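Step one of this worksheet: look at the structure below.
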Amino acid sequence: MDTNKVSFIVCTNDEAALYECTLYIKQLAIPEGFSIDIIPIRNAESMAQGYNQAMKASDAKYKVYLHQDVLILNKNFIADILTVFQKNNKIGLIGMVGTKQLHSNGCMWSNAMRTGAVRSHCISTVDDYFNIPVSPARMYSPVEAIDGLLMATSQDIPWRSDLFTGWDFYDISQSKEFSRAGYLIAVPYQSSPWALHDTGFMNLKNYHRYRKVFLEEYYPQNQTEIDDCSKYITPADSTHETKTQASVTLLELLNNHNYDQALIFVQENLAQNQENELFCILTIFLQIYQLEKQAGLFEIFAPLETKNLSIDSWLPAHYAQICRHLWRLEYLLPEKEQEAARHYFNIWQVSEIAQDYMRNLCV
């Protein structure tokens, strides 16, 4: 075990997201005498299985498990988490966001006991400091459980891949496993969020199935909440509709280049489709189209008329790339990466109007 090494571990199914995540890791200041490595895990069967695989492959004492859509903004992140671990050698697990008391239903978001900080992007970007502030005088706050967006460890405790075979509740379970092993869990003081989480819209398809598994393992006496999970569990063979009729109509209008009609359509239907990620992203592009039209420009949809693109896959990916490249400029990544951002805006005709509009959303 290398006590002067930190491994950054990322389960990934998106190479563009992984690339962006690693850019920010590579910008971190490395304390003297320490080394780091980055371990991407592809084709994981579950988050817990992937993390177990990486944990066994790494010889680092300190490991940072993070989502592929997390960008570490605090360049002194490594020294800061090491300081928390060294402050109390009983601390085994650190997160950016946690709860001081887990709700009886197993969900850490269900009561006003949350603490920590994160910069969160879901169509728009906000800094969340949650309900209970962490005192700068104390350096950290003890918590019962942390969110899985980023989990730093000083001890190797197996992840419960036997129970959590998907992508939910592995984090709350791991918090409980550290507590069972006698370790404390902490959320550090952050004057500004140490990480940006490009969350997107939540997929709750299997959430309640794993909530039931969690409660049965850690709170078996709570039969009322266990029974309650069954009301929300989707049958395994059910189909999940990924596009609403509103999205289908909007895509047809865009495919036919009926942009003005599409703009009217979103104005009339946005209120009923706030939970539809595709619809919201298409609305943003149409709002940019409207601003460009007022300025006598036609840039944002120009690639659709000159390239053979699938609108429902390309536009969401294009939206994500615009955000990532704006973040490169905002957070002053190396000039090579900033130049790549400007090049992307040029070849895909992302006008200054579009950049300004998106900057208001994602920065």
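Below is a table of values for the structure above.
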quantity: Ascending count of other beta-carbon atoms within 10 Å, so fewest first, for Lys26, Lys63, Lys56; calculated: Lys56, Lys26, Lys63
quantity: Segment 1-130 shape via C-alpha gyration tensor axes, a/c threshold 1.5; calculated: rounded
quantity: Neighbour-count ranking [beta-carbon atoms within 10 angstrom, fewest first] of Ile132, Ile72; calculated: Ile132, Ile72
quantity: Euclidean distance between Cα centres, segment 303-358 to segment 47-79, Å; calculated: 28
quantity: Along each principal axis, Cα extent of segment 60-149, largest first, Å; calculated: 32, 30, 26
quantity: Cysteines without a disulfide-compatible partner [the chain; Cβ-Cβ under 4.7 Å]; calculated: Cys11, Cys21, Cys107, Cys122, Cys229, Cys280
quantity: Sorted by Cβ neighbour density within 10 Å, fewest at the top, the residues Glu330, Glu177, Glu275; calculated: Glu275, Glu330, Glu177
quantity: DSSP-defined antiparallel bridges as percent of all bridges, the chain, nearest 5; calculated: 55
quantity: Top of Ile264, Ile233, Ile78 by mean-square fluctuation, Gaussian network on the chain, Cα under 10 Å; calculated: Ile264
quantity: For segment 192-346: rounded, prolate or oblate by the Cα gyration tensor [a/c cutoff 1.5]; calculated: oblate
quantity: Of all DSSP beta bridges in segment 1-148, antiparallel share, percent nearest 5; calculated: 40
quantity: Most mobile listed residue (Ile353, Ile322, Ile25) in the chain, GNM with C-alpha springs under 10 Å; calculated: Ile353
quantity: Gap separating the Cα centres of segment 165-198 and segment 84-128, nearest whole Å; calculated: 7
quantity: Tensor-based shape of segment 2-229 (alpha-carbon gyration tensor, a/c under 1.5 rounded, otherwise prolate or oblate); calculated: rounded
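Just so you know, all these numbers are worked out from the coordinates, no wet-lab data involved. Source: prediction; values computed, not measured. Here the Cβ is made from the backbone with ideal geometry for all residues, glycine too, and neighbour counts use every protein chain on show.
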